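What follows is a set of notes on a single structure, which appears directly below.
The values are calculated or read from the model by the stated rules, or taken from the named source; none is laboratory data. All values derive from a computational prediction rather than experimental measurement. Positions of Cβ are generated from backbone atoms using ideal geometry, with glycine treated the same way; all protein chains shown enter the neighbour counts. Ligands, DNA and RNA are stripped out before the accessible areas are found, and what is left, the full protein with its side chains, is counted by its heavy atoms. Shrake-Rupley method; radii C 1.70, N 1.55, O 1.52, S 1.80 Å.
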Amino acid sequence: MAETTVTKQLTLSFLNGEGKNTSISLSEMNESVTPEVAQAAMEAIVTENIFEKDGVIVYQTPKKCKIC
């Protein structure tokens, strides 16, 4: 019988510089990622402020993370 593999997905939701929703979705995440680790990653993304499009910060305010 074939082995079943469960793949989890991590979705990080933010508000951009215009107050609009934006997100990052990652599949095949490491099983050891906890909501606390994901929240810390979101804070790091915001702090580094390296994502910008047409003069608008893409990930400005962390909203929530979802692991499913």
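Taken together, the residues in the stretch 11-26 that are in contact (Cβ under 8 Å) with a residue 40 or more places away in the chain and touching a Ser or Thr at 6+ places or on another chain (Cβ under 8 Å) amount to 7.
Here's a check for you: in the stretch 27-58, which residue that is part of a helix (DSSP H, G or I) and in contact (Cβ under 8 Å) with a residue 12 or more places away in the chain is nearest to Asn16 (Cα to Cα)?
Ranking the qualifying residues of the stretch 27-58, first place goes to Val46.
Checking Thr22, Thr11, Thr7 one by one, the residue that is over 13 Å from the mean Cα position of the chain (by Cα), open to solvent by less than 100 Å² (accessible area, probe 1.4 Å) and among the polar types (S, T, N, Q) is Thr7 and no other.
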